[in-house]
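Peer 1: Quick one: the structure is below, questions incoming.
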Amino acid sequence: MRKTVILVLGLAGVALFYFTFVSAGKVFRSDWQLPQSPGEKQARYRLVLITQELETPFWGKVGAGALEEAERVGASIEVWGSYGKNREDFLKKIEIAIDSKVDGIIVQGLDTEEFKQLTKVKAAFYGIPIVTVANDVPMADSLRRTYVGSNQYLAGQLIARQLLSDMGSTGKVVLLGDSRGEYYQQQRINGIYDVLKEYPNVRTEYAETTDAREQVISATQDLMNRLPDVQAFVAVNANTAEAMIQEIGRRTRVEPYHIYSFDDSHDSMSLLKQGKLDGVIEQSPETMGRISVNLMTEWLSGETVPLDSNGYFTEIRMLKAADAR
Amino acid sequence: MNGIQKKIWTLAAVVLFIMAAIWIALTYYNQKTQDQYNDILQRYLRMNEVTTASQQTVTSLNNYLLLPSRDNLSQLEQSKEKLRKARIDVIELRNPGNEFALTNYMNLIDSLVETTERSLTFQSEKETEASGNAFSEADRISKYISEMSLTLLDAELKTYDRFYRGIIEQSAELKKLGIWLLLLITFLLLLFTYAFSLSITRPVLKLTQAAKELSRGRFDLRIEVESNDEISFLAKMFDRMRININNLISEIQQKAQLEHELQQSKLLLQESQLRSLQSQINPHFLFNTLNTLSKKAYLEGSEETSDLLASVAALLRYNLKRLDRSVTLYDEVRVLRQYIEIQKARFTERLRFHTDIDESCLYVQLPGLTLQPIVENAVIYAIEPEEDGGEIWFRIVDGADRVTVEIEDDGPGMAEERIRQILEERPVESEGGHTTGIGLGNVVRRLSLFYGCDDVIAIESGRERGTKVRLSIPKARESGKQDQASDRG
C-alpha cells in the first residue's frame, strides 16, 4: 500500500516536472529573434527592371531571367512596374528609380515624350544608365545605352514571309496596329511592308486602334465591312489579337482566316493552342532578362564600354498553330 | 538555531526562493516582450518620422519660396536637419528583407535634400521657373517617400507578422506554464509540508507512547526516536530516566528477595531449634545415663553393648551440638559410621552397608547432620520393611569442582510425586516417629539455603528400583554465601 502510494506520487511528481519544464522551455525559447541587419556586405550593383505589364507570362520570364543572372553576377535587382500598361504608374516608377539613385535601370521602352524626357534629361542628370529591353526606343530619343531584345523589323519580315507561304502571293491583308505608334511596332510594320511590297497582288490595309476592347472590336467590324474578302489578319499589337479574333468569330468561322500575332501578350499562346491564331512570333524573354543584366553590370564595371548602340538581338522564331498542338 | 526552528526556517526559505524565482522569471519575460514590442514599434515610428520630416521640408520650402524671410529659412534648415537625422536613424532598420528598398528610401531622402537645395540655389539666382520646377520635383519626391514609407511598413508588417504571432503564442504558453507551475508547487509544497510535519509529530507521538508504557509500569522497552532535533534529545533523556528507574526497581526487588530468604532461614532455624529444644528436655541426663550404662556394660564384660551405648551417646552429642553450624565431610562420615553401627546392632545381617570413600576429599564443608538423615531414611524405607533386609551403598567420589556423595539402597523406591514433594521443599505428611528428628525435607531446605542453589541434591528412584540420593557438594563455597551462612550462626 505504502509502496503504491509512493510510486503514484513519484510518477505524478515526474509528470508535473516534465510538463512544467517543457512549458517553460516553450515560453523562454527565443526563436523569434528579430532579423538582424545584414552588416556592411551589400550587393555590387542595385538594378531595377521596370515594365508596364507585370504578371504577364512574357514579362514574368524576362524578370526570372534577370533575377537569375543578377544572382549569378552578384547584383541585386528588383522588378518594378505597372499593371496593364498603366503609363502614369510606369513613368512614376522610373522617376522613383532615378530619384532612388539605383545603379542601373533596365526598362521596357515606351515611345512617349514623358519617357524620353525622363531618360534623356533626368536619368542623364543623375548619371544613371538606361538599357531598354524587349521594346526599344531609339537611342537618339532616349539616350539608352543599348537595347536587348528581338529585332522587331526581322520579326515583321518573318511574319510576312509566313503569311505569303500560307496565303499565297495574292490576297488582302489587314494590319491592326497600335494607335500610339510605338517605335517597336513601327519596326514590325516596316518589316512586314518591306517584304510585302515585292508582291503587288497582296493588298494591305492598315488600321490603328488602342488597346481598349471596344475600340478593337469596332475597328475590326469596320475593316470587315470594308473588306469582306479579306484573307489574313496581323495583330501587330499582340494585346489586340484576342478581341479581334472574338469579333471575327462572331461573324463567321475563324479558321479560314490567316491570323498572326506576337507572343508578348498573355493570351497569345492560348489562342495559338486553340488554333485561332495561325502563327505567333516567339521571342526569348528569359534571354532578354539575362543579357540585359549581364550587359548592365559589364558596363557598370567598365568591362564593355561602350555597349553596342544598335542593340543585342535575341532569338526569334515562328511558332505555328500546328507546332503548338 | 537548530532542530525544529531550523526546519521551519528551511521551509520558509524554500517557499520564498520559489516565489522569488517565479517573480524574476516573469519580470524577465515581461521585459523581453516589452523590448521586442518596443523595437518593432520604434521601426514604424522612425519611418513615419521620415515621412513627416520630408513633408515638413517641402512645406518649409514652399513657405520660403513664397516669402523668403530669415524665419522661414531657419525653419527650412531645421526641417532639413530633422530629415538628415531621420535618414541616419533609418540606416539601422536594414534587414535582409528590406535592404534594397531601404537603400532606395535613403537615396530618395538624399534626392529630396539635393532637390531642395537646388531649388534654393535657383531662388537665390532669381531663376524662378527653374526653382519652381525643382520645388515641384521635391514635392513629387516627398510623395514618393510617403509611398515608399507605406510600402516599407507593409513589408515590415509582413516580416514581423511571424514575431507577433510568436509573441501571442508565447503568451498563451505562459498561461499554461502558470497552471503547470501552480500544480507543481502545490504538489511539492504538500509533500514537503507533509514530510516536515511528520518529522515533528512522529517523534512526539513516539515519546507519548513511551510515556504511556512507562506509566503502565513497563520499564524494559527501549525508547527510540530517530530525528535530529530537540525531541531526540528529550527522548534520550527520557530513556536514561527509564533505565535508572529500571535499575532502582530491580535493586529493590533483589533486596526484597534477600529479605525473604533471610526470613525463611530464620524460621527454619527456629523450627530446628524448637525441635532440638524439645529433644533437649533431658538429653544431658540421657547422655550421662548412656555413658554410665556403657561403662557398666564394659565392667560387666559386655563390651559389645558398651560400644553400642558409646555410639549412641556420641550420636546424641553430635545431634545436640552440630545442627546449626557447618562441619567437614569427615565428621559427617564419622557420625554416619556410628549410626550404622547402632543400626547394625538392631538389624544384624539384614543391613548390609557398603562404603567406597575417597579419603582425599573429606575436607569439604557442609551443614551438620546432612548425611545421617538421608541414610536413616534409606534404613527406614529399604531395610526395616524387608524380611531379609537390604543393602546400602555409600560412595564419596572426587569431581572437578564438586565432591559427589551418593547414598543408594535397593528398597522399593519412591514415587515421582513424592520425590518432587521432597525436592520442592513442600511439607510432607508425618513419616512416623522413629527418626532422629530431622526429615529429608529439612535437609534439602538447609542444603539449598547453605549453598544458595537448588542443584546440590538429586534423587533418582523408581518402583522396585531402589533409591539413589546424590549430593554434589561444591569444593569451594562462594564467599557471599558463606557470609550469609555464618550470619545465621
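Peer 1: Based only on other Cβ atoms within 10 Å, what is the fewest-to-most ordering of A:Trp80, B:Trp9, A:Trp59, B:Trp393? Intermediate results must be reported in sequence, preceding the final value.
Peer 2: Details: A:Trp80 21, B:Trp9 11, A:Trp59 24, B:Trp393 17.
Result, fewest neighbours first: B:Trp9, B:Trp393, A:Trp80, A:Trp59.
Peer 1: Can you tally the net charge around A:Gln108? Count Lys and Arg as +1, Asp and Glu as -1, for every other residue whose Cβ sits under 12 Å from the Cβ of A:Gln108. Please report the intermediate quantities before stating the final value.
Peer 2: Working: positive: A:Lys85, A:Arg87, A:Lys93, A:Arg144; negative: A:Glu53, A:Asp111, A:Asp136, A:Glu182, A:Asp264.
The answer is -1.
Peer 1: Moving on. Distance in nm between label sites at B:Ser199 and B:Asn247, each 7 Å beyond Cα in the beta-carbon direction?
Peer 2: Using points 7 Å along Cα→Cβ, the separation is 3.4 nm.
Peer 1: Please compute, over every Cα-Cα pair in the range A:198-269, the percentage with a separation greater than 16 angstrom.
Peer 2: Values: 1187 of 2556 pairs.
Within the range A:198-269, distances greater than 16 Å cover 46 percent of Cα pairs.
Peer 1: Let me ask another. Give me the inter-chain shielding for A:79-89: mean count of other chain Cβ atoms within 10 Å, whole number please. Walk me through the numbers on the way to the answer.
Peer 2: Numbers: counts 0, 0, 0, 0, 0, 0, 0, 0, 0, 0, 0.
The per-residue average across the peptide is 0.
Peer 1: Under a Cβ-only charge scheme (Lys and Arg +1, Asp and Glu -1), can you give me the dipole magnitude of chain B about the Cα centre, in debye to the nearest 20?
Peer 2: On the way: 60 positive and 71 negative charges, 301 e Å.
Computed charge dipole of chain B: roughly 1440 debye.
Peer 1: Additional query: Using Cβ counts within 10 Å as a stand-in for footprinting exposure, how do A:Asp136, B:Asp401, B:Asp139 rank, fewest first? Provide the component values of the computation, followed by the final result.
Peer 2: Numbers: A:Asp136 25, B:Asp401 8, B:Asp139 19.
Ranking A:Asp136, B:Asp401, B:Asp139 by Cβ neighbours within 10 Å, fewest first, gives B:Asp401, B:Asp139, A:Asp136.
Peer 1: Oh, and also: Near the amide H of A:Leu49, under 5 Å away, which other amide H atoms are found, from residues 5 or more places off or on another chain, if H is placed in the peptide plane?
Peer 2: Counting only residues 5 or more places away or on other chains, the set is A:Glu78, A:Val79, A:Trp80, A:Ile106.
Peer 1: Label points 7 Å out from Cα along the Cβ direction at B:Gln31 and B:Asp161: separation in nm?
Peer 2: 3.3
Peer 1: How do A:Phe262, B:Phe219 line up, fewest other C-beta atoms within 10 Å first? Numbers along the way, then the final one.
Peer 2: Details: A:Phe262 27, B:Phe219 17.
Placing the least packed residue first, the sequence is B:Phe219, A:Phe262.
Peer 1: In the neighborhood of B:Glu213, defined by Cβ-to-Cβ distances under 14 Å, what is the net charge if each Lys or Arg adds +1 and each Asp or Glu adds -1? Write out the running numbers ahead of the final one.
Peer 2: Details: positive: B:Lys206, B:Lys212, B:Arg216, B:Arg218, B:Arg222, B:Arg242; negative: B:Asp220, B:Glu224, B:Asp239.
Net charge around B:Glu213: +3.
Peer 1: Which of the lysines could a cross-linker span from B:Lys175 if the Cα-Cα distance has to be under 23 Å and same-chain partners fewer than 8 positions apart are dropped?
Peer 2: By straight Cα distance, B:Lys175 reaches A:Lys26, B:Lys32.
Peer 1: Over all alpha-carbon pairs in the range B:1-56, figure out the percentage whose distance exceeds 14 Å.
Peer 2: On the way: 1125 of 1540 pairs.
When every Cα pair of the range B:1-56 is considered, 73 percent fall beyond 14 Å.
Peer 1: Along the charge dipole of the range A:153-244, which of A:Gly181, A:Ala155, A:Ala207 sits closest to the positive end, that is, farthest toward it, with unit charges on the beta carbon of Lys, Arg, Asp and Glu (+1, +1, -1, -1)?
Peer 2: The listed residue farthest towards the positive side: A:Ala155.
Peer 1: On C-alpha positions alone, give me the angle between the axis of helix A:57-73 and the longest principal axis of chain A, in degrees, nearest 10.
Peer 2: Once rounded, one gets 60 degrees.
Peer 1: With equal scatterers on the alpha carbons only and no solvent term, can you work out the Debye log10 of I(q)/I(0) for chain A at 0.07, 0.08, 0.12, 0.15 1/Å?
Peer 2: With no solvent term, the Cα-only Debye profile gives -0.38, -0.46, -0.83, -1.16.
Peer 1: Now for a different question. Below 8 Å, C-alpha to C-alpha, sequence gap of six or more: please give me the relative contact order for chain B in percent. Let's see the in-between values first.
Peer 2: On the way: 478 pairs, mean separation 41.8, N = 489.
Relative contact order comes out at 9 percent.
Peer 1: Something else: Around A:Asp263, which amide H atoms from residues at least 5 apart in sequence, or from another chain, sit under 5 Å from its own amide H, with H modelled in the peptide plane?
Peer 2: Correct list: A:Ile281, A:Gln283.
Peer 1: Compute, for the protein assembly as shown, the length of the dipole vector about the Cα centre, with Cβ point charges of +1 (Lys, Arg) and -1 (Asp, Glu) only. Units Debye, rounded to 20. List each step's numbers first, then the result.
Peer 2: Values: 96 positive and 114 negative charges, 312 e Å.
For this selection, approximately 1500 debye.
Peer 1: For the pairs A:Lys116/A:Lys320; B:Lys212/B:Lys236; A:Lys122/B:Lys80; B:Lys295/B:Lys344; A:Lys101/B:Lys80, note any where the Cα-Cα span goes beyond 27 Å. Don't skip to the answer; put the middle values down first.
Peer 2: Values: A:Lys116/A:Lys320 36 Å; B:Lys212/B:Lys236 16 Å; A:Lys122/B:Lys80 23 Å; B:Lys295/B:Lys344 21 Å; A:Lys101/B:Lys80 19 Å.
Pairs exceeding the cut-off: A:Lys116/A:Lys320.
Peer 1: If you don't mind, there's one more thing I want to ask. Work the Kirkwood hydrodynamic radius out for the range B:4-159: mean of 1/r over every pair of different alpha-carbon atoms, inverted, in Å.
Peer 2: Details: mean 1/r = 0.0538 Å⁻¹.
Computed over Cα pairs of the range B:4-159, the Kirkwood hydrodynamic radius comes out at 18.6 Å.
Peer 1: While we're on this one: Given Cα pairs under 8 Å that are at least 6 residues apart, what percent is the relative contact order of chain A?
Peer 2: 19
Peer 1: Tell me the mean residue ellipticity at 222 nm calculated for chain A from its helices only (DSSP H runs of n ≥ 4, each -39500 (n - 2.57), averaged over every residue, nearest 500).
Peer 2: Details: 12 runs with 148 residues, N = 325.
Rounded to the nearest 500, it is -14000 deg cm²/dmol.
Peer 1: Another question, then. With θ taken as phi - 60° and the coefficients 6.51, -1.76 and 1.60, list the Karplus ³J(HN,Hα) couplings across the range A:121-136 in order, rounded to whole Hz; mark glycine and proline as x.
Peer 2: 9, 5, 4, 5, 4, 7, x, 9, x, 10, 10, 8, 9, 6, 10, 9
Peer 1: Over the whole of B:106-115, what's the average partner chain Cβ count within 10 Å per residue? Rounded to a whole number, please.
Peer 2: Going residue by residue through B:106-115 and averaging, the value is 3.
Peer 1: Quick one: Cα centre-to-centre distance for the range B:347-365 and the range A:92-116, in angstrom?
Peer 2: Centre-to-centre (Cα) distance: 157 Å.
Peer 1: Quick one: helix A:241-251 against the long Cα principal axis of chain A, what's the angle to the nearest 10°, folded into 0 to 90?
Peer 2: Helix A:241-251 and the main axis of chain A meet at about 60 degrees.
Peer 1: Separate question: Over all alpha-carbon pairs in the protein assembly as shown, figure out the percentage whose distance exceeds 55 Å. Intermediate values should be presented prior to the final figure.
Peer 2: Values: 193573 of 330891 pairs.
Taking all Cα-Cα pairs of the protein assembly as shown, the fraction more than 55 Å apart is 59 percent.
Peer 1: When the Cα atoms of the range A:188-310 are enclosed in a convex hull and the volume is divided per residue, what value in Å³ results? Walk me through the numbers before you get to the answer.
Peer 2: Details: hull volume 16.3 nm³, N = 123.
Once divided by residue count, the hull of the range A:188-310 is 132 Å³.
Peer 1: Could you please report the charge total around A:Thr20, scoring K, R as +1 and D, E as -1 over all other residues with beta-carbon less than 14 angstrom from its beta-carbon? Walk me through the intermediate numbers first.
Peer 2: Details: positive: A:Lys26, B:Lys175, B:Lys176; negative: B:Glu173.
Taking every other residue near A:Thr20 into account, the sum is +2.
Peer 1: Over the range A:49-191, one equal point on each Cα, no solvent: what is log10 I(q)/I(0) by the Debye formula at q = 0.19 Å⁻¹?
Peer 2: The calculated log intensity ratios at q = 0.19 Å⁻¹ are -1.14.
Peer 1: Now, a different point. Give me the orientation-averaged projected area of the Cα convex hull of chain B, in nm², one decimal.
Peer 2: Details: hull surface 194.8 nm².
Averaged projected area of chain B's Cα convex hull equals 48.7 nm².
Peer 1: Additional query: Which three semi-axes in whole Å describe the equivalent ellipsoid of the range B:207-365, each the square root of 5 times a Cα gyration tensor eigenvalue, listed largest first? Show your work: numbers first, answer last.
Peer 2: Working: eigenvalues 868, 70, 26 Å².
Taking √(5λ) for each Cα gyration eigenvalue gives 66, 19, 11 Å.
Peer 1: Report the gain in length on full extension from B:Thr305 to B:Thr121: 0.36 nm times residue separation, minus Cα-Cα distance, nm rounded to one decimal.
Peer 2: Numbers: separation 184, 0.36 × 184 = 66.24 nm, distance 18.48 nm.
Contour length minus Cα-Cα distance gives 47.8 nm.
Peer 1: Taking each residue of B:181-191 in turn, how many C-beta atoms of other protein chains fall within 10 Å of its C-beta, and what is the average?
Peer 2: Working: counts 5, 1, 5, 10, 2, 1, 6, 3, 0, 1, 3.
Per-residue shielding by partner chains comes out at 3.
Peer 1: So which GluC sites (Glu not before Pro) in the range A:163-249 are both in a DSSP loop and have at most 16 other Cβ atoms within 10 Å of their Cβ?
Peer 2: Details: sites: A:Glu182, A:Glu198, A:Glu205, A:Glu208, A:Glu214, A:Glu242, A:Glu247; in loops: A:Glu182, A:Glu198.
Counting only loop positions with at most 16 other Cβ atoms within 10 Å, the GluC sites (Glu not before Pro) in the range A:163-249 are A:Glu198.
Peer 1: Label B:Val397 and B:Glu349 with points 7 Å out from Cα along Cα→Cβ: what is the distance between them in nm?
Peer 2: Reported label-point gap for B:Val397 and B:Glu349 is 3.2 nm.
Peer 1: Hey, what does the equivalent ellipsoid look like for the range A:92-175, semi-axes from the Cα gyration tensor as sqrt of 5 times each eigenvalue, largest first, whole Å?
Peer 2: Each semi-axis is √(5λ); the values are 36, 11, 9 Å.
Peer 1: Counting only helical runs of four or more DSSP H residues, what would the 222 nm mean residue ellipticity of chain B come to if each run contributes -39,500 (n - 2.57) and the total is spread over all its residues? Mind showing how you got there, number by number?
Peer 2: Details: 12 runs with 344 residues, N = 489.
Value at 222 nm, helices only, nearest 500: -25500 deg cm²/dmol.
Peer 1: How big is D for the range B:99-201, in µm² s⁻¹ as a whole number, if Stokes-Einstein is applied with the Kirkwood radius of its Cα pairs at 10 °C and 1.306 mPa s?
Peer 2: On the way: Rh = 19.2 Å.
After rounding, the answer is 83 µm²/s.
Any read-out appearing in this document is the output of simple, stated calculations on the displayed coordinates, not a laboratory observation. Remember, predicted model here, so these are calculated numbers, not experimental data. As a convention, Cβ positions derive from the backbone with ideal geometry for all residues, glycine included, and neighbour counts pool all protein chains shown.
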